[in-house]
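Enquirer: Handing you this structure, nothing more for now.
The values are calculated or read from the model by the stated rules, or taken from the named source; none is laboratory data. If you're wondering where the values come from, they're calculated on a predicted model, not measured in any experiment. FYI the Cβ positions are ideal-geometry reconstructions off the backbone, even for glycines, and counts take in every protein chain you see. These accessible areas exclude ligands, DNA and RNA; they are computed on the full protein's heavy atoms, side chains included. Shrake-Rupley method; radii C 1.70, N 1.55, O 1.52, S 1.80 Å.
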Amino acid sequence: MKYLTIALAAGAALAIVGCGSKGAAPLATINGEDVFTEEYYKTLERLPTVRVQTAQGAQDVQVSESLAFQALKQTVYNKVLLQLAKDEGVYPTSKDILDELEFQKEVDKSFGDRLKQSGLTIDMVKEQILIQLAQEKLVTKGINVTIQDAEKFINDNPKQFMQPATINASWIFVNSDAKKAQADQALSTGQAFSTVAMQYSEAPQAKELGGRFPVERLDTVGPPFDKVLKETKEGTMSEWVKAENSWAKFYIERRTEERPLVVDDLLKRRVRRQLALQRGALAVDLERRVTDKIVASKITIERTDLQEPWKRLVDEVKKQRATVGTTGPTPGSEAGTPPGQ
């Protein structure tokens, strides 16, 4: 479930920007000078890059559009999506949201811990669940999938229901031959790998993570690290691996092999929902329906700096809609993946 999205963060920014005006409590104080929330959100909206987590650690990537405009598209999309759900009589109830929250806690036992670490409030999560449930209900309206259907699908597709292989590893990531040599020298003296990693690794948050490699699922690690992580034996160090202008060395603490998932009630419920979504998606083009409703809606953008880019986007959609067999870009189509996947 994609709670930690740029759209959600930027959307929240647009919703409360301006609350740092005179009289409000400061967000921070720097050398006696107050910094208010308004300044913080203006900075957020104009960020030229965002930091994303990759197998090679956290990296900065350039945004294609301002976060302010991305948030505007997402906000409009979400609002129209919920209006469509009301029109169709499938708007999620408060009970639906609470039930989904409990379902997600069952699916992911670390859900609560991740929520605390993310800094998101429970109300923010409930808002995202509302949107995701509306998506799911619109797609699956009229679709009937039984537990028996789910059981048959699991039995017929055993390879799709395997617990992936995992590793618990520490790593040393350096950007120069000099750092590589320093790490090798330290390791040769018998120092613990994690100690050397915290001292010499240039991976993001190396010290905060205790030198731990931030990825556990082997099937999510790509070249050039996938081969060495799969082949290095438990309790041993790998050779150095070249990654463009950097080097990485790993210590494998523990690994688990791929194995079949336990087929329990929770898995059957997840599969039933996924099957319903797949079947519904064959009949319902939700992105198109929401986009058509956006284009047909009366939408007034009050912020002057966002008026022109919004007009260009809508005009482009209309132009492409006028061409038979093509679809235009969906305003705000970055909405989260429907739950239950």
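Enquirer: Any idea what the relative contact order of the chain is, in percent, if you count C-alpha pairs under 8 Å spaced at least 6 apart?
Expert: 22 percent
Enquirer: Normalised by the number of residues in segment 52-156, what is the relative contact order in percent for Cα pairs under 8 Å and 6+ residues apart?
Expert: Numbers: 38 pairs, mean separation 32.4, N = 105.
Computed value for segment 52-156: 31 percent relative contact order.
Enquirer: Further, regarding this structure: Averaged per residue, what accessible area in Å² does the chain show with a 1.4 Å probe, protein chains only?
Expert: About 58 Å² of surface per residue is accessible.
Enquirer: Counting only protein heavy atoms, what percent of the accessible surface of segment 142-294 is carbon or sulfur at a 1.4 Å probe?
Expert: That fraction is 48 percent.
Enquirer: Given the pairs Lys141/Lys268; Lys79/Lys137; Lys126/Lys207; Lys116/Lys293; Lys73/Lys319, which span a C-alpha to C-alpha distance of over 26 angstrom in this model?
Expert: Lys126/Lys207; Lys116/Lys293
Enquirer: Using DSSP to call loops (not H, G, I, E or B), can you name the GluC sites (Glu not before Pro) in segment 246-299 whose Cβ has at most 16 other Cβ atoms within 10 angstrom?
Expert: Glu257, Glu258
Enquirer: Residues with beta-carbon under 12 Å from that of Thr140, excluding Thr140: net charge, scoring Lys, Arg +1 and Asp, Glu -1?
Expert: Value of the local net charge: +3.
Enquirer: In the set (i) 40, 31, 20; (ii) 65, 23, 14; (iii) 30, 25, 22, which value of semi-axes √(5λ) of the Cα gyration tensor in Å was calculated from the structure you see?
Expert: (i)
Enquirer: Continuing with this model, one more query. Bin all alpha-carbon pair distances of segment 96-208 at 10 Å intervals from 0 and give each bin's fraction as a whole percent.
Expert: Final binned percentages: 10, 22, 22, 20, 16, 9, 1.
Enquirer: Related question: Segment 207-264 to segment 130-172: how many Å between their Cα centroids?
Expert: 25 Å
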